[in-house]
Amino acid sequence: MLVHPEGPSQGVRGGGPMDVAVWLAGRGYPVHPLAPGGKTPAANCRDCRESEHAPEACPCRAERRWCHGFHAATTDLRTVREWWQTEPDFGIGVACGAAGLVVIDVDAHSAPLPDRQRLLPGIAIDDRVDLTGLRSGFDTLALLAAHRSRPNPCEDASTLRVRTPSGGMHIWYRAPKDGPRFRCSSGSSSRVALAWQVDVRAIGGYIVAPSTRTSAGVYEALPGARVPAALPLWLAAELVRTGHDGQPVAPAPARAKRAPRGRGRQGQGSGQGDRVLASLLEEVRACGLSPSGTAFSEKLNRAAFTAGGLVAAGHLVEEEGRRLLLEAADGARPHQTRRNVLIVDAGLRAGRERPIQPKERA
Ligand SMILES: [Zn+2]
Ligand SMILES: [Zn+2]
């Protein structure tokens, strides 16, 4: 979109960030402010910085504040104008899930090549395939497309493509309307990933809108379509194959079985639930002994996922579980409280779909 004077299938006219934000919101893309010069959301208000709470439970939204990043994204033009009047240099984030977008985020970072089996998760790359020259997400995405005999999305001029200041590319697509609900992933994840150095931005994430200027440069729409095209079917199939279709990201705890909701003493906590959670929290806390390389996110995700299952089966009080999880997480990784909240809430949400009876655990 962007930088075209008129026509619904064209883009917004050039202009300041507010014009672009209003243009996007007016077309149904919920927007939220990014910190001036940066690509991360504008800072929360002081209350939200000082207290841990779920974005859904935050009073700021009703007061039309921009706290909690993409959770605050809106199409309400009055709110959008107010935000960019407050700070005309805000960048623009678009909440992918609410906007119905799936954006393929191709990175070009210099990083050592991983094991060849991690280049395209789930696809074995024969030893005879020469990987010389493979350096970035551009290469792995091209490899995936070639493997499926499909056109390379990076060259797909039928949809909006945006060059990022770091030399990467965002390929914007419309999510299937009645199809799977795709979630975000990172290309470096060992669990859900499309390809090495290729992230997926969908439900649970946001994307920097074209024309946004950061200290590193401008997000610039490339020649070709200025609006997102429908996600190609083969890419949708790849996203399903690689686990992006909204299934719980955490592995189900060992031997947990589905149990009907409401069994146990709903909302009371059973003591057993607390004990199960306690051992998982110990693992999370232990990550605090080392700043990295401890699989912290996975451990926290697993603990939150289990806690969600215990809540659903009535063995744990949700507020209490959440508080314990955040306490343990912030103790081990105090510099990333926002990320901790995201991991905990996603894990709880996914876990609630799978009630757990403590004695069924190994
Ligand atoms: Zn706030
Ligand atoms: Zn808040």
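How far is helix 137-147 tilted, in degrees, relative to the longest principal axis of the Cα atoms in the chain, given as a value from 0 to 90 rounded to the nearest 10?
The angle comes out near 90 degrees.
In whole Å, largest first, what are the principal axis extents of the Cα atoms in segment 16-88?
Sorted largest first, the three principal extents are 33, 24, 17 Å.
Using the charge dipole of the chain (Lys, Arg: +1 at Cβ; Asp, Glu: -1 at Cβ; taken about the Cα centre), state which of Val31, Gly314, Val80 has its Cα farthest towards the positive end.
Result: Gly314.
Assuming R0 = 22 Å, can you tell me the calculated FRET efficiency for the pair Asn152 and Asp115, based on Cβ-Cβ distance, to the nearest 0.05?
So the FRET efficiency works out to roughly 0.40.
Hey, in the GNM for the chain with a 10 angstrom Cα cutoff, which one of Leu280, Leu119, Leu134 fluctuates hardest?
Of Leu280, Leu119, Leu134, the most mobile in the Gaussian network model is Leu134.
Any chance you could give the angle, 0 to 90 degrees and rounded to 10, that helix 337-351 forms with the longest Cα principal axis of the chain?
Tilt relative to the chain: about 70 degrees.
³J(HN,Hα) across segment 234-244 via Karplus (A = 6.51, B = -1.76, C = 1.60, θ = phi - 60°), whole Hz, x for Gly/Pro?
Per-residue couplings from phi come out as 5, 5, 4, 5, 5, 5, 5, 4, 8, x, 8 Hz.
How big is the antiparallel share of DSSP beta bridges in the chain, given as a percent to the nearest 5?
90
What figure in square angstrom, to the nearest 10, would you give for the accessible area of His68 with a 1.4 Å probe?
20
Filter the trypsin sites (Lys or Arg not before Pro) in segment 133-205 to those in DSSP coil with at most 11 other Cβ atoms within 10 Å of their Cβ, and list the result.
In loop regions of segment 133-205 (DSSP not H, G, I, E or B), the sparsely surrounded trypsin sites (Lys or Arg not before Pro) are Lys177.
What accessible surface, in Å², does a 1.4 Å probe find on Thr132, ignoring ligands, DNA and RNA and rounding to the nearest 10?
120
Give the range of the longest stretch in the chain that excludes all GluC sites (Glu not before Pro) found in loop regions by DSSP and having at most 12 other beta-carbon atoms within 10 Å.
Between the exposed loop sites, the longest stretch runs 64-362.
What are the ³J(HN,Hα) values, in whole Hz, obtained from phi via the Karplus relation 6.51 cos²θ - 1.76 cosθ + 1.60 with θ = phi - 60°, for each residue of segment 285-300 in sequence order, with x given for Gly and Pro?
Here the 3J(HN,Hα) series is 4, 4, 5, x, 6, 9, x, 7, x, 10, 6, 3, 4, 5, 5, 5 Hz.
Give a quick list of trypsin sites (Lys or Arg not before Pro) in segment 59-119 that DSSP marks as loop, anything other than H, G, I, E or B, with at most 16 other Cβ atoms within 10 Å.
Filter output for segment 59-119: Arg64.
May I ask you to evaluate 6.51 cos²θ - 1.76 cosθ + 1.60, the Karplus curve with θ = phi - 60°, for each residue of segment 106-115 and list the ³J(HN,Hα) values in order in whole Hz, giving x for glycine and proline?
In residue order, the calculated couplings are 9, 9, 10, 6, 7, 8, x, 5, x, 3 Hz.
The values are calculated or read from the model by the stated rules, or taken from the named source; none is laboratory data. Not measured: the values here are computed from a predicted model. Positions of Cβ are backbone-derived with ideal geometry, glycine not excepted, and every protein chain shown enters the neighbour counts. Areas reflect the complete protein model, heavy atoms only, side chains present, ligands, DNA and RNA absent. Shrake-Rupley method; radii C 1.70, N 1.55, O 1.52, S 1.80 Å.
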